[in-house]
Amino acid sequence: QKEVEQNSGPLSVPEGAIASLNCTYSDRGSQSFFWYRQYSGKSPELIMSIYSNGDKEDGRFTAQLNKASQYVSLLIRDSQPSDSATYLCAVNNNNDMRFGAGTRLTVKP
Amino acid sequence: AAGVIQSPRHLIKEKRETATLKCYPIPRHDTVYWYQQGPGQDPQFLISFYEKMQSDKGSIPDRFSAQQFSDYHSELNMSSLELGDSALYFCASSLGLAGVNTGELFFGEGSRLTVL
């Protein structure tokens, strides 16, 4: 079992819709959870971090964490074509970051 | 603002050759991480350094070695290259190991290695 699992995708949503990205992790001791966005051929960039159970909102992005279920999600409201990218879920594991395989999101105009 | 600099950006090698990738972290960043990302794959953690000492080791093959120098730049040395080593190699830097806890890893543009 991979340490961090994500929907394989691809996920396609129309412009203006809500995109929902999901992630589960295996290490119950994980404390920090992140979402990175990676455009094709580019490096990952941090867009959201969450450390405690519940929701965290930042603009059009909302991260949700449920440690009991070992589940992290990212909601993107009012999706824009510029949101089209691969979204990587990452989990802090001791002193390094473990990434999921990523979910490719396409937002259609 | 200065970012993480990686060189070379593209590298083509033959099987069994060696390759060296370089990473220059953001000024004042003392922690460097190396990741390997194959086509359509997630970034796989290879190794990290903090204050010139290895801080953690991931799925780095024995054929690979790395170090961090006194100016905090890091080099990833790959020997006996195999076709499967073809990938995008990312370096990321942070200020202290806390970067892992905050997610504040700043990635370079990556070095694309192609092994023929």
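Does A:Ser73 satisfy being away from chain B (no Cβ under 14 Å), within 13 Å of the chain's Cα centre (by Cα) and of a type in the set (S, T, N, Q)?
Judged against the criteria, A:Ser73 is a match.
Step by step: first the residues of region A:23-51, then only those that are more than 9 Å from chain B (Cβ to nearest Cβ) and within 28 Å of B:Ser111 (Cβ to Cβ), then the one that is surrounded by the fewest Cβ atoms within 10 Å (Cβ to Cβ). Which residue is that?
Residue satisfying both the conditions and the ranking: A:Ser40.
For region A:77-95, which positions are closer than 26 Å to B:Ala92 by Cα and touching a Lys or Arg at 6+ places or on another chain (Cβ under 9 Å)?
The answer is A:Asp83, A:Ser84, A:Ala85, A:Thr86, A:Tyr87, A:Leu88, A:Ala90, A:Val91, A:Asn92.
Sort out which residues of region A:72-86 are in a strand (DSSP E or B), modelled with pLDDT of 95 or more and among the hydroxyl-bearing types (Ser, Thr, Tyr), and write them in order of number.
A:Ser73
Would you mind stating whether A:Asp27 is in contact (Cβ under 8 Å) with a residue 24 or more places away in the chain, outside any strand (DSSP E or B), charged (D, E, K, R) and over 17 Å from A:Glu5 (Cβ atoms)?
Taking the combined requirement at face value, the residue does not satisfy it.
Looking at the structure I just gave you, is A:Ser84 under 12 Å from the mean Cα position of the chain (by Cα) and more than 14 Å from chain B (Cβ to nearest Cβ)?
no
Just to be sure I understand, how many residues within region B:15-44 are of a type outside the set (Asp, Glu) and under 19 Å from B:Tyr72 (Cβ atoms)?
Count: 15.
So which pairs qualify, if the first residue must be in region B:12-40 and under 27 Å from A:Ser40 (Cβ atoms), the second must be assigned to a loop (DSSP other than H, G, I, E, B) and of a type in the set (Ser, Thr, Tyr), the Cβ gap must be under 6 Å, and the two must be at least 6 apart or on different chains?
That search, which allows pairs on different chains as well, returns B:Pro25/B:Tyr72.
Restricting attention to region B:103-115, does a residue exist that is touching a helix residue (DSSP H, G or I) at 6+ places or on another chain (Cβ under 6 Å), under 22 Å from B:Leu11 (Cα atoms) and at pLDDT 90 or above?
Yes, that holds for at least one residue.
Please determine whether any residue of region B:25-36 is within 14 Å of chain A (Cβ to nearest Cβ) and surrounded by fewer than 21 Cβ atoms within 10 Å (Cβ to Cβ).
yes
Which condition number does B:Gly58 fail, the rest of (1) in contact with a helix residue (DSSP H, G or I) (Cβ under 7 Å, 6 or more places away or on another chain); (2) surrounded by fewer than 19 Cβ atoms within 10 Å (Cβ to Cβ) being met?
If we test B:Gly58 against (1) in contact with a helix residue (DSSP H, G or I) (Cβ under 7 Å, 6 or more places away or on another chain); (2) surrounded by fewer than 19 Cβ atoms within 10 Å (Cβ to Cβ), just (1) comes out false.
Would you please name the residue that is farthest from A:Ile50 (Cα to Cα), looking only at residues in region A:5-22 that are surrounded by 15 or more Cβ atoms within 10 Å (Cβ to Cβ) and at pLDDT below 90?
The extreme case among them is A:Gly9.
If you scan region A:52-70, which residues turn out to be in contact (Cβ under 8 Å) with a residue 12 or more places away in the chain and either in a strand (DSSP E or B) or facing chain B (nearest Cβ under 10 Å) (or both)?
A:Phe61, A:Thr62, A:Ala63, A:Gln64, A:Leu65, A:Asn66 - these are the residues of region A:52-70 that are in contact (Cβ under 8 Å) with a residue 12 or more places away in the chain and either in a strand (DSSP E or B) or facing chain B (nearest Cβ under 10 Å) (or both).
The values are calculated or read from the model by the stated rules, or taken from the named source; none is laboratory data. What you see is a predicted model; the values in this text were computed from it and never measured. Glycine also receives a Cβ, built like all others from the backbone with ideal geometry; neighbour counts cover every protein chain displayed.
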